[in-house]
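Visitor: Pasting a structure here, questions to come.
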Amino acid sequence: MPGTLQDFVSALTPDKARLLVERVGDSERYPLSPPQLAVYTADQVTPGTTAYLNPSIIRLDGPLDTGRLVTALAGLHYRNPALRSRYGLGADGPYAVVTACGSPELEIVDVSDAADPGTEALDEARWALRPFTGLDAPPLWRAMLIREAAERHSLVLILHHLISDGWSWEILSEQLAALYAAGPVPRSEDYFRTWQRRCPVDPAAAEDIAIEVADALDAPRLAGSGDGPGPGVTLQFRLVDEDRARVEAAARATGATPMTVLLWAAGKALAELRETPRSVVLVPAAGRWDAASERAVGCYVNSLPLVLDARSTLAVTAERLRALVARQATPLSEVMRHLGDERAEAGRIMVVHNNAPAAGTSFAALTATPVHLPLADVQRDLTYSVWSRHDGIGGELQVRAGVAAAYGADRLVGEFIAVLRRLPG
């Protein structure tokens, strides 16, 4: 079973092997994207944290061919330069280099004899969620396969945030399923190189954004707030059909998106928690500027601060969000530079809209279902992460442990849901 670059290459024809080695043996240095630069800096300041890891678990039900899975993971590795990149610090600052490193070995664990294989599988997955040796020692991702029963396995993938973001996972999961099925898979090579060489950066709006949010940073922090990555808890929620109908009706009535409604609701909930009408939250944008770059795997998502005012109408919030998205090429680091001593206050709360993987998607003859694995460490005091798909709206709150203790889990989730339930039915 090919599990390393050498094994994979040896299984190819000589011509294909030569071309593959030429492509992955690239030693060109690439500048980091602004989001990568932020992650790189934070990782160096707080070594050993798991806050900058992206974990995913896919439960695979059906007759799994382990050899095909190993080959598919190797193919994923070689098709995406980000997965083979190492990171270093040079005279001109941090840089990325695409290497010819082999794919990580698939660690296989059997828990089928455990009294509760599902619980044991999650415990094993948490072991996989551990820091990498160093950013200069690729690959910065690992894979574990946990056997729970003859036809039930959990595939655990842990990727460092430097090489992937939420958008990337959608691409990688599609590629992995296609590779396992031995179907055609587009390469991401050119997308990666184009993005790293031609990162769209427009710092001109940074000062304007900083001025807009500075006045709203005087409000008190959430109780239990902390600085930097720290222990956290994850609280999940799901909207019932009536709640989803309210969100969709409010969006239609104002010409907004459901995400805007959820963002507006988060502002209302934060006002109740913090006892002040205005809150500054980070709002991520995909960071892909055209159809080609949408296929790029890497860390390109850019976040910018937005003022949420509980006194504002939904229409006003929608207009503010549209204006911010229009300036998404403004690096967050530039905004923070203009904020100076107040920069930490602008990054304590985030509201994220994720594209959730559909439950029960096809993985050749298998049924693939996403399983949640919460992080032990969180980057911020509070992150509302919401998703929408054909069967509903839901999400999770990642909360710093001190904040969760101060307010209680029920209230942190309840305030948000209560705002949505006050929308017209």
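Each value in this text was obtained by applying a stated rule to the coordinates, not by laboratory testing. Predicted model only: the values in this text are computed from it and were never measured. Don't worry about glycine lacking a Cβ; one is built from the backbone with ideal geometry, like all the others, and counts go over all protein chains shown.
Visitor: Per residue and in cubic angstrom, what volume does the convex hull of the Cα atoms of the range 105-240 have?
Guide: Cα convex hull per residue, to the nearest whole number: 256 Å³.
Visitor: Hey, could you pull the Cα Rg and Dmax for the chain, both in Å?
Guide: Reported Rg and Dmax, both Å: 21.9, 68.
Visitor: Compute the acute angle (0 to 90°) between the alpha-carbon long axis of helix 166-180 and the principal axis of greatest extent of the alpha-carbon atoms of the chain; round to the nearest 10°.
Guide: 30
Visitor: What number results when the radius of gyration of the range 55-113, computed over Cα atoms, is divided by 2.2 N^0.38 Å?
Guide: Compared with the compact-globule rule of thumb, the range 55-113 sits at 1.56.
Visitor: Separate question: May I ask you to compute the full-extension gain from D227 to R197, defined as 0.36 nm times their residue separation minus their alpha-carbon distance, rounded to one decimal in nm?
Guide: Working: separation 30, 0.36 × 30 = 10.80 nm, distance 3.33 nm.
So the chain would gain 7.5 nm between D227 and R197.
Visitor: What FRET efficiency do you get for A409 and V325 if R0 is 45 Å and r is their Cβ-Cβ distance, rounded to the nearest 0.05?
Guide: Efficiency computed from Cβ-Cβ geometry: 0.90.
Visitor: Binned at 5 Å from 0, what are the whole-percent values of the Cα-Cα distance distribution for the range 197-356, short to long?
Guide: Taking every Cα pair in the range 197-356, the percentages come to 1, 8, 16, 20, 20, 17, 12, 5, 1, 0.
Visitor: Given R₀ = 30 Å, what would the calculated FRET efficiency be for E170 paired with L89, taking r from the Cβ atoms and rounding to 0.05?
Guide: Numbers: r = 31 Å, r/R0 = 1.03.
Once the sixth-power term is evaluated, E becomes 0.45.
Visitor: I've got another one for you. At 222 nm, what value in deg cm²/dmol follows for the chain if DSSP H runs of at least 4 each add -39500 (n - 2.57) and the sum is divided by all its residues, to the nearest 500?
Guide: -11500 deg cm²/dmol
Visitor: In percent, how large is the relative contact order of the range 5-197, given Cα pairs closer than 8 Å and 6 or more residues apart? Walk me through the intermediate numbers first.
Guide: Numbers: 281 pairs, mean separation 57.4, N = 193.
Across the range 5-197, relative contact order equals 30 percent.
Visitor: Count neighbours as other Cβ atoms within 10 Å of each site's Cβ, and list the trypsin sites (Lys or Arg not before Pro) in the range 146-228 that are DSSP loop with at most 16 such neighbours.
Guide: R187, R198, R221
Visitor: I've got another one for you. Could you estimate the translational diffusion coefficient of the range 128-172 from the Stokes-Einstein equation, with Rh from the Kirkwood formula over C-alpha pairs, at 20 °C and 1.002 mPa s, in whole µm²/s? Mind dumping the intermediate values first?
Guide: On the way: Rh = 12.1 Å.
Diffusion coefficient, whole number: 177 µm²/s.
Visitor: Running Debye on the range 5-197 with equal point scatterers at the Cα sites and no solvent, what base-10 log of I(q)/I(0) appears at q = 0.11, 0.14, 0.16, 0.19 Å⁻¹?
Guide: Reported log10 I(q)/I(0), two decimals: -0.52, -0.83, -1.06, -1.39.
Visitor: Only counting other Cβ atoms within 10 Å, I'd like F363, F237 sorted with the fewest neighbours first.
Guide: Fewest-to-most Cβ neighbours within 10 Å comes out as F237, F363.
Visitor: FRET efficiency for A292 and L235, Cβ-Cβ distance as r, R0 = 25 Å, nearest 0.05?
Guide: So the FRET efficiency works out to roughly 0.10.
Visitor: Using the Cα centre as the reference, give the magnitude of the dipole from point charges on the C-beta atoms of the range 5-197 (Lys, Arg: +1; Asp, Glu: -1; all else neutral), rounded to the nearest 20 debye.
Guide: Result for the range 5-197 is approximately 640 debye, rounded to the nearest 20.
Visitor: Taking every DSSP beta bridge with both residues inside the range 5-197, roughly what % is antiparallel (nearest 5)?
Guide: Antiparallel bridges make up about 85 percent of those DSSP assigns within the range 5-197.
Visitor: Can you tell me how much longer the chain between E275 and T66 gets when fully stretched, taken as 0.36 nm per residue apart minus their C-alpha distance, in nm with one decimal? Walk me through the numbers on the way to the answer.
Guide: Details: separation 209, 0.36 × 209 = 75.24 nm, distance 5.40 nm.
Using 0.36 nm per residue and subtracting the Cα-Cα distance, I get 69.8 nm.
Visitor: If you don't mind, another one. Let me have the relative contact order for the chain, percent, based on Cα pairs under 8 Å that are six or more residues apart.
Guide: Computed value for the chain: 22 percent relative contact order.
Visitor: If each residue of separation counts as 0.36 nm, what is the full-extension length gain between E248 and E342 once their alpha-carbon separation is subtracted?
Guide: 30.2 nm
Visitor: Can you give the angle from 0 to 90° between the axis of helix 66-79 and the longest principal axis of the chain, with both taken from C-alpha atoms, to the nearest 10?
Guide: Around 70 degrees separate the two axes.
Visitor: With angles folded into 0 to 90 degrees, how steeply does helix 14-24 sit against the dominant principal axis of the chain? Use alpha carbons for both and round to 10.
Guide: Approximately 30 degrees, to the nearest ten.
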